[in-house]
1. For the residues A:VAL122, A:VAL111, B:VAL80, what sequence is obtained by ranking on other C-beta atoms within 10 Å, fewest first?
2. How much FRET efficiency would the formula 1/(1 + (r/R0)^6) give for B:LEU16 and A:ALA99, where r is the Cβ-Cβ distance and R0 is 41 Å, rounded to 0.05?
3. Round to the nearest 0.05 the FRET efficiency obtained for B:ASP77 and A:GLU142 when R0 = 41 Å and r is the Cβ-Cβ distance.
4. Where in chain A are the DSSP H helices whose C-alpha atoms run 18 Å or more along the long axis and whose mean Kyte hydropathy is at least 0.0?
5. Which residue, A:ALA127, A:ALA51, A:ALA148, has the most motion in a Gaussian network model of chain A that connects Cα atoms within less than 10 Å?
6. With the radius of gyration and the Kirkwood radius both derived from the Cα set of the protein assembly as shown, what is their ratio Rg to Rh?
7. Just want the ordering: B:HIS25, A:HIS108, from fewest to most Cβ atoms lying within 10 Å of their own Cβ.
8. Over region A:41-114, what number does the Rg to Rh ratio reach, with both radii from the alpha-carbon atoms and Rh per Kirkwood?
Amino acid sequence: MAKAAARTKAAAASPSVERRPALAGRALSAPGVKVEILPPAERISLRAPQASLAALSKALGVTLPVKPKTSATKDGRTALWLGPDEWLIIDETGKDPLADCAKVTALHSAVGISHRNVAISVTGPVAAATVNSGCPQDLSLEAFPVGAASRTILGKSEAVLLRTAADAFRVECWRSFSDYVFTLLSEAASDAAN
Amino acid sequence: MLLIRCPYCEEERPELEFRNAGEAHIARSANIDAESDDDFEKFFFIRANPKGVIYERWRHIHGCARFFNAVRDTVTDKFVMTYKAGEPKPAKLPGASK
């Protein structure tokens, strides 16, 4: 279904171009955890100084978080704190955050990275154990509560984690690493419940 | 695994997220043309390499991607403290006797 949606969208943009999301539709269920590829989303990498945050937050419709390891979500758009002046914006409704940033005159740098990343959802009671198989961070609810977001390492790949619920993670990795990350999480999933 | 406190993330993170970036507080001359060869050699190649407390640059490369400074003991591998890049060398180290 994700694939079909992406195709329709790409076809609308240009009839000769077909967009093929990496690993579309792949999913794995194991006792206590489910790993699946999420549909394509619009993403930007945003760098901005403190003085521009108010204007950018207004244009994007979501308040950019300034506290480390946090995120903010509004109307299907999530802003993840990655560094003191760096955010990852993910829009799952198909609206382009890049276009919203283009209207802002305050100093900032916004780069479209929609198709650089692939998102994988890890859900279920042992989701944290599954992600922890490759990620050395403390993912207990006290240290990594719902809404927490962090760039970190997952096996040999860099990844951005977002905890969407107590038992659900969104793992964002680079497209070329997605096969590795998905396989790693799948292997971990079959072990996690034990 | 070592836990290193990132002064930007304001918490301890596993060492796998970090990368060492050499000795800290090495100032580049404002007028590098005027440097003598000896001075340039000292600036470019010569490092303290002490046995004991060392001031280093570290980068939270798989995290906030920021460079910061750390005080580490090369004998015990213990991190004494970390502080943001650009801040002066701490006058007094926590736990130091003098």
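Every number in this text was worked out from the coordinates using simple rules, so none of it is lab data. If you're wondering where the values come from, they're calculated on a predicted model, not measured in any experiment. Ideal geometry is used to build each Cβ from the backbone, glycine not excepted, and the neighbour counts take in all protein chains shown.
1. Values: A:VAL122 25, A:VAL111 12, B:VAL80 17.
Ordered from fewest to most neighbouring Cβ atoms within 10 Å, A:VAL122, A:VAL111, B:VAL80 come out as A:VAL111, B:VAL80, A:VAL122.
2. On the way: r = 37 Å, r/R0 = 0.90.
Approximately 0.65, to the nearest 0.05.
3. On the way: r = 28 Å, r/R0 = 0.67.
For B:ASP77 and A:GLU142, the calculated efficiency is 0.90.
4. In chain A, the long hydrophobic H runs are A:178-192.
5. Among A:ALA127, A:ALA51, A:ALA148, the largest GNM mean-square fluctuation belongs to A:ALA51.
6. On the way: Rg = 22.1 Å, Rh = 21.3 Å.
Value, to two decimals: 1.04.
7. Numbers: B:HIS25 10, A:HIS108 19.
Starting with the residue having the fewest Cβ neighbours, the order is B:HIS25, A:HIS108.
8. Details: Rg = 10.6 Å, Rh = 11.8 Å.
In region A:41-114, Rg relative to Rh is 0.90.
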